[in-house]
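Here the structure comes first, spelled out in C-alpha cells, and everything after it is commentary.
Please treat every number below as a calculation from the coordinates, not as lab data. This structure is a prediction, so every number in the text was calculated from the model and none was measured. Glycine gets a Cβ as well: all are built from the backbone with ideal geometry, and neighbour counts include every protein chain shown.
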Amino acid sequence: MTQEFDLCRAQKDHSVFRRIQKRKRILLIVYVDDIIITKDDTKEIVRLKKYLHEHFQTKDLRSLKYFIDIEVAMSKKGIFLHREYIFDLLLEAGML
C-alpha cells in the first residue's frame, strides 16, 4: 500500500503515514483497528479508501466523531478536541 500511494511512515510516530506532492497532502493515522484519513486532496482520498476497502475489511464512518475516547467537533473555525469522557473515567476510578 505504501508504495502504491507513495505514503511514507513518519519517523517520530510509526502509526502515521503521509504523502505531500505538489502542495497536496494525505495523512493516514492507524490506531489498533481505527484509521483516520485526512487530506487536502479529495480525489486521492477516494482512491485510497477504495484500495483499503478492496484489500482489507474496512467501513467508512464518514466524519470523525470520536478517536481514542476524544470527542472531535468540526466547525468553520476549526477542529476542537474534547476530553471530558477521559476526565470522567479518571474521576470515577479515583485516578485524577
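Give me a comma-separated list of calculated 3J(HN,Hα) values for the stretch 22-36, in order, Karplus coefficients 6.51, -1.76, 1.60 applied at θ = phi - 60°, integers in Hz, x for any Gly or Pro.
Karplus values, whole Hz, x for Gly and Pro: 6, 6, 10, 10, 10, 10, 10, 10, 10, 9, 6, 10, 10, 10, 10.
What FRET efficiency do you get for V46 and K24 if R0 is 22 Å and r is their Cβ-Cβ distance, rounded to the nearest 0.05?
Given R0 = 22 Å and the Cβ-Cβ separation, E is 0.95.
List the chymotrypsin sites (Phe, Trp or Tyr not before Pro) within the stretch 17-89 that DSSP assigns to loop and that have no more than 11 neighbouring Cβ atoms inside 10 Å.
Values: sites: F17, Y31, Y51, F56, Y66, F67, F80, Y85, F87; in loops: F56.
Passing sites in the stretch 17-89 are F56.
Assuming a strict under-26 Å limit between Cα atoms, what lysine pair count do you get for the stretch 1-61 once near-sequence pairs (fewer than 8 apart, same chain) are dropped?
19
Which order do K65, K49, K22 fall in if you start with the one that has the fewest other Cβ atoms within 10 Å? Before the final figure, lay out each step's value.
Details: K65 10, K49 14, K22 6.
Listed from fewest to most nearby Cβ atoms, that is K22, K65, K49.
Taking H as built 1.01 Å from N, whose amide H comes closer than 5 Å to the amide H of I70, not counting residues under 5 places away?
The list, which skips near neighbours in sequence, is empty: none.
On a 0 to 90 degree scale, rounded to 10, what angle separates helix 42-55 from the longest Cα axis of the chain?
Orientation of helix 42-55: about 90 degrees from the principal axis.
Using the Cα atoms as the points, what is the convex hull volume per residue of the chain in Å³? Show your work: numbers first, answer last.
On the way: hull volume 13.8 nm³, N = 96.
Measuring per residue, one finds 144 Å³ for the Cα hull of the chain.
Rounded to the nearest Å, what's the spacing between the alpha carbon centres of the stretch 3-24 and the stretch 32-80? Just the number, please.
If we compute the Cα centre of each part, the gap is 15 Å.
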